[in-house]
Protein chains: 2
Amino acid sequence: MTTLMKNSHTRGPLDHSVREQVVAAATEYFSHFGYEKTTVSDLAKAIGFSKAYIYKFFDSKQAIGEVICSNRLAMLRDIVLSAIADAPTASEKLRRFFKALVEAGSDLFFHDRKLYDIATVSSRDKWPSAVAHEAQLLQLVQEILLAGRQSGEFERKTPLDEASHAIFLVLRPYISPVQLQYNLDTAAEAAQHLSSLILRSLAP
Amino acid sequence: MTTLMKNSHTRGPLDHSVREQVVAAATEYFSHFGYEKTTVSDLAKAIGFSKAYIYKFFDSKQAIGEVICSNRLAMLRDIVLSAIADAPTASEKLRRFFKALVEAGSDLFFHDRKLYDIATVSSRDKWPSAVAHEAQLLQLVQEILLAGRQSGEFERKTPLDEASHAIFLVLRPYISPVQLQYNLDTAAEAAQHLSSLILRSLAP
């Protein structure tokens, strides 16, 4: 156990594995009992670690939540990236991007309701993981736009920043978990109609 | 008092004035103490009427809330309508429409936080007043679109229903009180960028 006890400045591979163990157990635990109502004590008890031991690896419950949230958001981006990877045109990339985002987000909501609560808290409280996720999606929109401009599919008059930001604003109610929950009933249809509207706005 | 006591099928002008009195008092009361936590008993006590007497005029607390909500939403539509009334073009109408909606909604949020809660409940629970409000705004979008098609400002290829529905979907996170509260910090800027995007999508 001595390796585990060393201070946080010299964390080694074993520490890493303990962190992973805590995150895996916490993911499981939060998905049953929710994030907001659970304390680190509850979690420690369930995993069989002491609270003090968990605090060696994570500064707070939010720090654990952040890792779970980052992992989920990375999964979501992977789904989106693989959905658009082999799209033949930038227009098709944009359609698939929106569709995959809405589907993956709704899936997380319906199949992992309790974990979705972490996502909601993270987006409501602007956690770094949630903020970074939005920035990465905005970046992705910009890349699709740039590709479409280069291929001649999209107009080039509007400043790239302005166009991609506006498109991101259209997507945002379907990206932000705290808002997606109010749009679930119309999300699939909205993804289709809004993609078409966006593509009309991009016509050269 | 006999006039007030007659049954609900033959309500006269005096009944109407009692209803208005209850609504005015309830608006005042809810704006101090909130809607969700207040009961009809609390309200009756505050107004100085008996609970039974209030129930002669309103079937439930929601029925009172519905009237307050309808009144507020009608005010909001009046603001929007007068904002667009003298706009010289359909494009300008659309810009002013979006801007006025966001401003009036944010105003209600910031200056009448407790009453905003009624709007939130009404949109979350799909009250008839909230549903009708959305339908009227969609109708207004369609009228602006039609005017712009007739003047040659907007394209005519996209089916009118589809185009107006898609625009409504872009607006919706700023119309729905339950979502607007999450978009307040970016709402003014969003209204501008999203109007521009919509107008690009409408270019002939």
B:ALA104 vs. criteria without any contact (Cβ under 8 Å) to a residue 60 or more places away in the chain, among the aliphatic types (A, V, I, L, M), more than 12 Å from chain A (Cβ to nearest Cβ) and under 19 Å from B:ILE79 (Cα atoms): yes
Does A:ALA147 count as touching a residue at least 12 places away in the same chain (Cβ under 8 Å) and crowded, with 19+ Cβ neighbours inside 10 Å? no
Looking at B:PHE97 and the list (1) more than 30 Å from B:GLU143 (Cβ to Cβ); (2) assigned by TED's automatic domain parsing to the domain that holds B:LEU180; (3) aromatic (Phe, Trp, Tyr), which single condition is not satisfied? (1)
Go through the stretch B:9-66 residue by residue and tally those that are polar (S, T, N, Q), touching a helix residue (DSSP H, G or I) at 6+ places or on another chain (Cβ under 7 Å) and in a helix (DSSP H, G or I). 3
Does the stretch A:110-134 hold any residues that are part of a loop (DSSP other than H, G, I, E, B) and exposed (fewer than 15 other Cβ atoms within 10 Å of the Cβ), and which are they? A:ASP125, A:LYS126
Candidate set from the stretch A:133-177 (those that are under 19 Å from A:SER70 (Cα atoms) and at the interface with chain B (Cβ under 8 Å from one of its Cβ atoms)); member that is modelled with the highest pLDDT: A:ARG172
When you look at B:GLY48, is it modelled with pLDDT under 90 and either under 27 Å from B:ASP107 (Cα atoms) or charged (D, E, K, R) (or both), yes or no? no
From B:LYS114, B:LYS61, B:LYS126, residue being charged (D, E, K, R) and free of Cβ contacts under 8 Å to residues at least 12 places away in the same chain: B:LYS126
Do we find a residue being closer than 26 Å to B:SER164 by Cα and more than 9 Å from every other protein chain (Cβ to nearest Cβ) anywhere in the stretch A:123-131? no
Given the residues B:ILE68, B:ILE47, which is the only one that is assigned by TED's automatic domain parsing to the domain that holds B:SER17 and out of contact with any His (no Cβ under 9 Å at 6 or more places or on another chain)? B:ILE47
How many residues does the stretch B:178-197 hold that are farther than 14 Å from A:LEU180 by Cα and more than 7 Å from chain A (Cβ to nearest Cβ)? 9
Answer yes if at least one residue in the stretch B:179-196 is within 30 Å of B:ALA26 (Cβ to Cβ) and of a type in the set (Ser, Thr, Tyr), and no otherwise. yes
Pull up the stretch B:71-103, narrow it to residues that are β-branched (Val, Ile, Thr) and assigned to a helix (DSSP H, G or I), then point me to the one that is nearest to B:LEU199 (Cα to Cα). B:ILE84
Failed condition for A:ASP117, given (1) assigned by TED's automatic domain parsing to the domain that holds A:PRO173; (2) of a type outside the set (S, T, N, Q); (3) more than 23 Å from B:ASN183 (Cα to Cα): (3)
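The values are calculated or read from the model by the stated rules, or taken from the named source; none is laboratory data. All figures in this text were calculated on a predicted structure; none of them were measured in a lab. Note that we place each Cβ from the backbone using ideal geometry, even for glycine, and neighbour counts take in every protein chain shown.
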